[in-house]
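So the structure is just underneath, and the comments pick up after that.
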Amino acid sequence: MSEIHPTAIIGKDVQLEIGNQIGPHAVIEDGVKMGSHNVIHAGAYLCRGTEIGSHNEIHMGAVIGHRPQDLAYRDAPSYTRIGDHNQIREYVTIHRGTKPESATVIGDENYLMAYCHVAHNCEIGNKVIMVNQASLSGYCKVEDQAFLSGMTGFHQFTKIGRLALVSALSASNKDVPPFMIAGGRPAVVLGINVVGLRRAGIAEPARSEIKKAYKLLYRSRLTVPSALKKIKAECGSREVQHLVSFIESSERGILAGGEEIEDGELLLSRKKPGRMRR
């Protein structure tokens, strides 16, 4: 059984498994599917086409699965799919896919703070943190354990790599490579997410290879293809292989380099970056 407040509005054919708590004035539209032990706080709005796993908490005023802010949308059936153990805080907005049968997809154990926005057809992995008012435009992809600081913005189709950290008030129109710290308007790569790598349990040999790959990409004045060739010849860890694959599959191109952050500290050095050339 689920606990549903008498003022909540539950549509037709809604599927609720056990142990859900639906707060006052929450709205769940027709056909929504929900797993077990979710908490839906007062005034949250779950729209049609939304599928939610288990053990999620959706806070006051959040809007999940509403129509995309896209002039191409023609009210065709599309979806929002959310996994398990996510925290979706106050007034977050997450929109469903634009094209028929397409979806916006969010994985597990993510933390979306107040007023964040996830536009249509975005894909968010697992254990991602989006700080207050971080905003993803349509078709963005965020890999596992990325950290998007407050009031950051990302162009359509941008990719943010695993364990990347983007500093507050930044705007990115290029892909953010895995394991890097980026910031600025427009954003540039400032260094390696040293603290994040350690906290994630990345072994020291792999961290050393990531540092070497970073230097080849951003401090050697090599073109990107030349840097990748040397990285593949000299580094073999899974993490660096993922970095190489991310860059090689980038359609928008990766961020250029800026002034370096040493060892994760927010202190800019005087070292001048090399130019990023393809």
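Each value in this text was obtained by applying a stated rule to the coordinates, not by laboratory testing. Small disclaimer: the values here were computed from a predicted structure and weren't measured. Positions of Cβ are backbone-derived with ideal geometry, glycine not excepted, and every protein chain shown enters the neighbour counts.
Computed from label points 7 Å out along Cα-Cβ, the spacing between E234 and K12 is 6.6 nm. For the chain, the longest principal axis of the C-alpha atoms and the axis of helix 224-234 are separated by about 80°. Compared with the dominant principal axis of the Cα atoms in the chain, helix 238-248 is inclined by about 90°. Here's the list of aspartates and glutamates a cross-link from K159 could span, going by alpha-carbon distance under 14 Å and ignoring same-chain residues fewer than 8 apart: E123, E143, D144, D175, E248, E251. Once you reduce segment 49-81 and segment 214-239 to the center of their Cα atoms, the two points are 40 Å from each other. Taking the Kirkwood radius as Rh and the Cα radius of gyration as Rg, segment 144-278 has a ratio of Rg/Rh equal to 0.92.
Among the DSSP beta bridges whose two residues both lie in the chain, what percent are antiparallel, rounded to the nearest 5? Given both bridge residues lie in the chain, the antiparallel proportion sits at roughly 10 percent. Rounded to the nearest 10 degrees, what's the angle between the helix 204-218 long axis and the longest principal axis of the chain, both from Cα atoms, 0 to 90? The angle comes out near 70 degrees.
If you compute Cα Rg over 2.2 N^0.38 Å for the structure shown, which of [x] 1.40; [y] 1.02; [z] 1.09 do you land on? Structure-derived value, by its label: [z].
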